[in-house]
Amino acid sequence: MEIDLRSDTVTKPSPEMRKAMANAEVGDDVYKGDPTVNKLEEKAAELFGKEDAIFVSSGTQGNLVSVLSQANRGDEILLGDICHIFGSEAGGVSVLGGVVMYPLKTNPDGTIDEDRITEAVKPDDYHKPSTKLFAFENTHGGVSGMPISKESSDKMALAAKKAGLRVHMDGARIFNASVALNTSVKDLTEHVDSATFCLSKGLSCPVGSIIVGEKDQIAEARRIRKLLGSAMRQVGVLAACGIIALDNMIDRLADDHENAKKLAIGLSEISKIEINPDNIHTNLVKFKVPENKGFEVSDKLKEFGILINGSYTELRMVPHYGIESEHIDTTISSMSKVMNSI
Ligand SMILES: Cc1ncc(COP(=O)(O)O)c(C=O)c1O
């Protein structure tokens, strides 16, 4: 069996999810007539303490729809310089929505200083875009899946709100943050207007993300989702997996975190690998190998049946559902052999 550590997105639906898909009660979700989708959306809204929720096809779409439902063409969004929306979503909010992205320096712990947010808000001047929105990420994928505490999230969100902005949280892996910090997602998102989370990463669903927020914003999100051609019909077959994810797959994320820590400690003991295991708190294990060696490392690991994405120097391994402690042992010993050979 291959040990696929490229991402938690490679997870496959559990046997319980497959059964639920087969048995899902469905209807036309464009008419709000799919009872399984309705149930998932209600469940998500309740879990986050928000008024409403909407099921979308992906995390990228969740962020896009969230931004476009809260900012118009020529408006500006402030966001971290290494966040997913800015760097890894093909510039969608600008390309499709005409929303200007203004990146702010991200601290090593994934936070953004409050005064950086406040100072970046543009004055009422017709030379400037109109700053409408601030977005941050939790956990932060750019800094090894760092979970952002309630205290830090609140500080950023409240600074943005004080400056008159709305706040969006890209919580693709918010349940990893919740488990790592032992803080509810409701608390972690108390002061954000909208939040997206992915069902298709550590929670192991085949497809889907959810946006939670206020009634009016989610109503607008429904219009934007339609505009993007992504309103779906008998989508309860997918939402059924989401319900199982929220019921049964959250607590087990702690296993992924434990495996990630074990992996980080093992890697730190191998020569020519740079990693501080103290910085690994959730499931993303980022480390450095000597410059220009990252592709060779990933190619050689493949010969041991271990898959990771190649890159110039920074590599990543992501434990997830289906990866057990013994797979971590195999990965560490294979990695040791690979590093000895380069
Ligand atoms: C922080 C973050 N936000 C958004 C996304 C986008 O999710 P998707 O791949 O479902 O579009 C990802 C995907 O890896 C992510 O890591």
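Where a number appears in this text, it was derived from the coordinates with a stated rule and is not lab data. What you see is a predicted model, and the numbers here were worked out from it, not measured in a lab. Cβ sites come from the backbone with ideal geometry, for glycine too, and all protein chains shown count toward neighbours.
General observations
- Legend: calculated FRET efficiency, Lys122 to Lys226, from the Cβ-Cβ distance at R0 = 22 Å, rounded to 0.05, equals 0.10.
- Of all DSSP beta bridges confined to segment 13-248, the antiparallel ones make up roughly 35%.
- When the Cα positions of Ser178, His191, Ser130 are compared along the charge dipole of the chain, Ser130 comes out farthest toward the positive end, with charges on each C-beta of Lys, Arg, Asp and Glu.
- The magnitude of the dipole of the chain, with charges of +1 and -1 set on the Cβ of Lys/Arg and Asp/Glu and taken from the Cα centre, is near 600 debye.
- Long pairs among Lys261/Lys288; Lys12/Lys288; Lys50/Lys186; Lys302/Lys337, criterion Cα-Cα beyond 18 Å: Lys12/Lys288
- Debye log10 I(q)/I(0) at q = 0.11, 0.13 Å⁻¹ for segment 13-248, Cα point scatterers: -0.52, -0.72
- In percent, rounded to a whole number, the relative contact order of segment 252-341 is 33, using alpha-carbon pairs under 8 Å and six or more apart.
- Evaluated with a Cβ-only charge set (Lys, Arg +1; Asp, Glu -1), segment 227-342 carries a dipole of roughly 340 debye about its Cα centre, given to the nearest 20.
- Of the GluC sites (Glu not before Pro) found in segment 1-64, those in coil by DSSP whose Cβ has at most 15 other Cβ atoms within 10 Å are Glu2, Glu25, Glu51.
- Set of aspartates and glutamates near Lys272 by C-alpha distance (under 18 Å), chain-local residues within fewer than 8 positions excluded: Glu291, Glu296, Asp299, Glu314
- Across Asn63, Asn283, Asn72, mean-square fluctuation computed from a Gaussian network of the chain (C-alpha pairs under 10 Å connected) peaks at Asn72.
- Rel. contact order, % - alpha carbon contacts under 8 angstrom, at least six apart, segment 14-114: 17 percent
- Inter-label distance, nm, simple model (7 Å from Cα along the C-beta direction), Thr183/Glu324: 3.5 nm
- Relative frequency of Cα-Cα separations exceeding 20 Å in segment 252-341, percent: 25 percent
- Free-standing Cys residues across the chain, given no other cysteine C-beta under 4.7 angstrom: Cys83, Cys198
- With contacts taken as Cα pairs under 8 Å and at least 6 residues apart, the chain reaches a relative contact order of 24 percent.
- Label point at Asp299 placed 7 Å out along Cα→Cβ; residues across segment 317-342 whose backbone nitrogen lies under 19 Å: 335-342
- Among His281, Ala264, Ala245 the positive-end extreme of the charge dipole of segment 240-284 (Cβ point charges): Ala264
- Per-residue extension of 0.36 nm, minus the Cα-Cα distance of Ile265 and Tyr312, leaves a gain of 14.7 nm for this segment.
- In plain terms, the chain from Ala254 to Asn107 could stretch by 50.4 nm, reckoned as 0.36 nm per residue minus the Cα-Cα distance.
- Extending 7 Å from the Cα toward the beta-carbon at both Lys288 and Asn340 defines two label points whose distance is 2.6 nm.
- Applying a DSSP loop filter and a limit of 16 other Cβ atoms within 10 Å to the chymotrypsin sites (Phe, Trp or Tyr not before Pro) in segment 21-130 leaves Tyr126.
- Of Val30, Val56, Val67, the one that fluctuates the most in a GNM where the chain has Cα springs shorter than 10 Å: Val30
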